[in-house]
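The values are calculated or read from the model by the stated rules, or taken from the named source; none is laboratory data. Here the structure is a predicted model, which means the values were calculated and not measured. Cβ atoms come from the backbone with ideal geometry, glycine included; neighbour counts cover every protein chain shown. Ligands, DNA and RNA are excluded from the accessible area calculation, which covers all protein heavy atoms including side chains. Shrake-Rupley method; radii C 1.70, N 1.55, O 1.52, S 1.80 Å.
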Number of protein chains: 2
Amino acid sequence: MTATQATRKPSILKGFRDYLPEQMILRQEIINRFKAIFELHGFDPLDTPAIEYLEVLTGKAGENEKLMYAFEDQGGRSVGLRYDLTVPLARVVAMHQSEIVLPFKRYHVAPVWRADRPQRGRFREFWQCDADIAGVESMAADAEIVSVLTDCLAAVGLDNSVVHMSHRRLLERIAMAAGIPQEQAAQVYRSVDKLDKIGAEGVRKEMVEGGIEASQATQVLDTISISGSIEDLLVELSRRLQNDANAEGAIAEMTQLFQLLHQMGVPNDKAVLDLTLARGLDYYTGPVFEAKVTEPKVGSVAGGGRYEGLIGSFGSRSISATGVSLGLERIIEVIREHGTMPIPTAVAQVFVPVVDRNLGSAAELTSELRARGLKTDLSLLDGKSLGEQLKYAGRRGIGLAAILGPDEAARGVVALKNLVTGDQIELERAEIVQSIERMLT
Amino acid sequence: MTATQATRKPSILKGFRDYLPEQMILRQEIINRFKAIFELHGFDPLDTPAIEYLEVLTGKAGENEKLMYAFEDQGGRSVGLRYDLTVPLARVVAMHQSEIVLPFKRYHVAPVWRADRPQRGRFREFWQCDADIAGVESMAADAEIVSVLTDCLAAVGLDNSVVHMSHRRLLERIAMAAGIPQEQAAQVYRSVDKLDKIGAEGVRKEMVEGGIEASQATQVLDTISISGSIEDLLVELSRRLQNDANAEGAIAEMTQLFQLLHQMGVPNDKAVLDLTLARGLDYYTGPVFEAKVTEPKVGSVAGGGRYEGLIGSFGSRSISATGVSLGLERIIEVIREHGTMPIPTAVAQVFVPVVDRNLGSAAELTSELRARGLKTDLSLLDGKSLGEQLKYAGRRGIGLAAILGPDEAARGVVALKNLVTGDQIELERAEIVQSIERMLT
């Protein structure tokens, strides 16, 4: 009985969503703005399959892999749905080396799947908007990535966002300078990564529980908490980590990166040095960054960094890459809650009702409007009253109705009704298209 | 050993594809044109999950279901990847009846998955571009669908395409008039559907082998082969199927549909009556159509029709719908082979090389160009010679390079090089943005 009922009642899997027009119009507008910024920065589009060989997806991205949708296909092959867009990119670069041109700048906007526990703002199918550059070791690539990121955030009105930046090796060397052995470094990253959530005392406690000595944990926390201008911070770090060539290299890269950001016109307050930043993913090796929105405190809306080993892990020669992933779902949450950009209500700009069942007349007007690029909805309720038709258009969020009844036709005019205010004016039939164009701009 | 080798060598599943920039730029351009036409006709965007409960996807679409990617998720639920966009739409309309506004006009552009045998032009992951209208019984909806279809095809230069139209009930009544019992009707649809491929004799043979009497098969073939103008055809059909109220209803619908298409400005030669048309899908109940390209003979590039029972099969009240699905892969094939529209080669319009390692100067020029909306690629090869940098831009298909070296800077100019012809001119530094804008338009 249960099975039969389930068959009859339409439902959707937990953690998955339908995007009805009300949601989808905004989503698409945001995606289009991101794509436009990616292209403005010279990134080319790329797409890859949703399904990959399981072995392509495993052993690359630590925690995220555990959440993978893995199954056997009809041919008995072990396959999985992609859980991010970075691993497929690395596979593409390794696999198509003879076809792609390095430096390879690509963007990819697509859904990914993770069988995570669904909760507010966390879904099992969600969209990522990624931009990456492969084949450039210089910090110019990281600067381009941070620059495209700040432009994307500005394009959707996230003016209160800041890109927090650090270098994977910095935290590692700070840990080493405190005497923490290499094999415990991962514990340091994991704990420090939670600083925002659990505070300094929480991090200290977690590190100690993870086997790190209390004095060492204190020294790490002390160093990552130093404050000042970016230049001062880097100088102080340099002093504390002196005689550590590896740390000096990371500090030199960060110094150069901030200089390049300045040259590329990224405002000083939009990209800051934050030594507490420790991105979770295993594959980062150089600069790492995370865009945070200060209000509301939703945490990270984008993250990325440099990964030197991932492409080479596919057996290709080593190709260094860097990139960023914007999390569409959290960004939409911020936009909706804080109205950082206008929320479009409808696709159609004009509604043309059918008066007295004269579909021919309405269709003709519709064709004229569409020919000029005006998004026009021709009424499909030709059997209903004018009032009912206009009510329908209003419910769909369409702003204007162009009404051409026999009375208007006889007088050579078209009635134009604002469906929000109810105001109605008459315009010359011959000039209706131009008049609407003027009103909409 | 084999397993280890497979892990190291990056590969992709058979029937799946990476879309490198060279392919993706064109794909995206086509998708953008289709979306623009859908919106011009007042269709709203919709998106649904890639993964659905298995029971949502079964018992709806006949043959296509057998090719479904079905598996158990981590929670032991039986799920499947969508194999089309129509069944998810029907589920959405049935499930969200209180939220959506009828008539519901939506478009959906997304990948679908079918574990079909891969062959030339047939893939296991492919994109569909669908437009549907739910909640309108009048032929005005079907006319709007055919109208948006012909506009889409025109938007990508498929001028030699024609929409073949018929009515599901016509073929059924023609079969009945020939004395073929209802339970053998499906055999008639299946066989007649292959007329293009196997010819009249082949269809006759298949029908007979399928248990239909030879004289009956001949009568069916005779009726569907009558020719003449649409009006003459419908009159002749009416004569042959007289006293069949069901047939008369279908003929009346087709007569009205063609009148509406005329009113909506669809050219007479773009939508024709074709009684041999028998769409394969089980759920069609009214008018059906298929867009065919005459040259090259790739067959159908789009198909659709009216389905009255699908939404109701989810236990909702009965809501009639009609729609069309454009097959992106075949359409791209035709565009590429016949150059029906310009094939874009690169996203970036301008390349800015770094001369004498002066990244600051190049970055400043880049910012100016981007601020005016010019898609600009800032060189990441700042350690390489100017020649090598320009060669890179050329390989990526970028058409122009704006060169600002110390010599140009001293003279207050920028050198603009056409990377296709090699021609180079000098332009005033202060007017470079406007000059490039003029050249590109």
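Points to keep in mind about this one:
- When A:Glu125, A:Glu72 are checked against the criterion of being acidic (Asp, Glu) and either under 30 Å from B:Lys391 (Cβ atoms) or touching a residue at least 24 places away in the same chain (Cβ under 8 Å) (or both), a single residue qualifies: A:Glu125.
- Segment B:330-383, residues that are touching a strand residue (DSSP E or B) at 6+ places or on another chain (Cβ under 8 Å), in a helix (DSSP H, G or I), open to solvent by 20 Å² or more (accessible area, probe 1.4 Å) and more than 9 Å from chain A (Cβ to nearest Cβ): B:Arg330
- Filter pass, B:Val324 being among the β-branched types (Val, Ile, Thr), assigned to a strand (DSSP E or B), under 19 Å from B:Gln128 (Cβ atoms) and out of contact with any Phe, Trp or Tyr (no Cβ under 9 Å at 6 or more places or on another chain): no
- Selection within segment A:299-337 - over 19 Å from A:Val163 (Cβ atoms) and hydrophobic (A, V, I, L, M, F, W, C): A:Leu310, A:Ile311, A:Phe314, A:Ile319, A:Ile332
- Some residue of segment A:92-109 being free of Cβ contacts under 8 Å to residues at least 40 places away in the same chain, assigned to a helix (DSSP H, G or I) and closer than 23 Å to B:Lys375 by Cα: no
- Residue count, segment A:273-296 (criterion: modelled with pLDDT under 95, farther than 25 Å from A:Gln187 by Cβ and open to solvent by less than 60 Å² (accessible area, probe 1.4 Å)): 2
- Filtering segment A:378-431 to residues that are under 26 Å from B:Val146 (Cα atoms) and β-branched (Val, Ile, Thr) leaves A:Ile398, A:Ile403.
- Output for segment A:150-170, where each listed residue is open to solvent by 10 Å² or more (accessible area, probe 1.4 Å) and in a helix (DSSP H, G or I): A:Thr150, A:Asp151, A:Ala154, A:Ala155, A:Arg168, A:Arg169
Residues checked against (1) farther than 14 Å from A:Val355 by Cβ; (2) touching a Pro at 6+ places or on another chain (Cβ under 9 Å); (3) free of Cβ contacts under 8 Å to residues at least 60 places away in the same chain:
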residue	(1), (2), (3)
A:Lys375	yes, no, yes
A:Leu381	no, yes, yes
A:Leu400	yes, no, yes
A:Pro406	no, no, yes
A:Val413	no, no, yes
A:Asp423	yes, no, yes
A:Glu426	yes, no, yes
A:Ile432	yes, no, no
A:Glu437	yes, no, no
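- Listed by first and then second residue, the pairs linking a residue in segment B:183-200 that is at negative phi and touching a residue at least 12 places away in the same chain (Cβ under 8 Å) to a residue that is open to solvent by 30 Å² or more (accessible area, probe 1.4 Å) and assigned to a helix (DSSP H, G or I), with Cβ atoms under 6 Å apart and 6 or more places separating them unless they lie on different chains, are B:Ala185/B:Glu172; B:Ser191/B:Glu206.
- Hey, A:Val301 under 25 Å from A:Arg120 (Cβ atoms) and β-branched (Val, Ile, Thr) or not: yes
- Scope segment A:339-366; condition without any contact (Cβ under 8 Å) to a residue 12 or more places away in the chain and more than 37 Å from the chain's Cα centre (by Cα); matching residues: A:Gly360, A:Glu364
- The residue of segment A:243-257 that is farthest from the chain's Cα centre (by Cα), among those that are open to solvent by 30 Å² or more (accessible area, probe 1.4 Å) and closer than 26 Å to B:Val354 by Cα, is A:Ala252.
- The selection criterion, being in contact with a Gly (Cβ under 7 Å, 6 or more places away or on another chain), charged (D, E, K, R) and either more than 30 Å from B:Val220 (Cα to Cα) or not assigned by TED's automatic domain parsing to the domain that holds B:Val301 (or both), holds for B:Asp130.
- Looking across segment A:91-128, the residues that are facing chain B (nearest Cβ under 8 Å) and under 30 Å from B:Ala393 (Cβ atoms) come down to A:Arg91, A:Val92, A:Ala94, A:Met95, A:His96, A:Glu99, A:Ile100, A:Val101, A:Pro103, A:Lys105, A:Arg106.
Residue by residue, here is whether (1) open to solvent by 10 Å² or more (accessible area, probe 1.4 Å); (2) in the same structural domain as A:Leu328 (by TED's automatic domain parsing); (3) at pLDDT below 95; (4) within 30 Å of A:Gly265 (Cβ to Cβ) holds:
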site	(1), (2), (3), (4)
A:Thr4	yes, no, yes, no
A:Ile30	no, yes, no, yes
A:Ala50	no, yes, no, no
A:Glu65	yes, yes, yes, no
A:Gly80	no, yes, no, no
A:Met95	yes, yes, no, no
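- Restricting the search to helices (runs of 4 or more DSSP H) fully inside segment B:19-79 and requiring at least 2 residues that are within 30 Å of A:Glu99 (Cβ to Cβ) and more than 7 Å from chain A (Cβ to nearest Cβ) gives B:21-40.
- Selection over segment B:111-144 of residues that are more than 29 Å from B:Arg17 (Cβ to Cβ) and buried (at least 21 other Cβ atoms within 10 Å of the Cβ) gives a count of 9.
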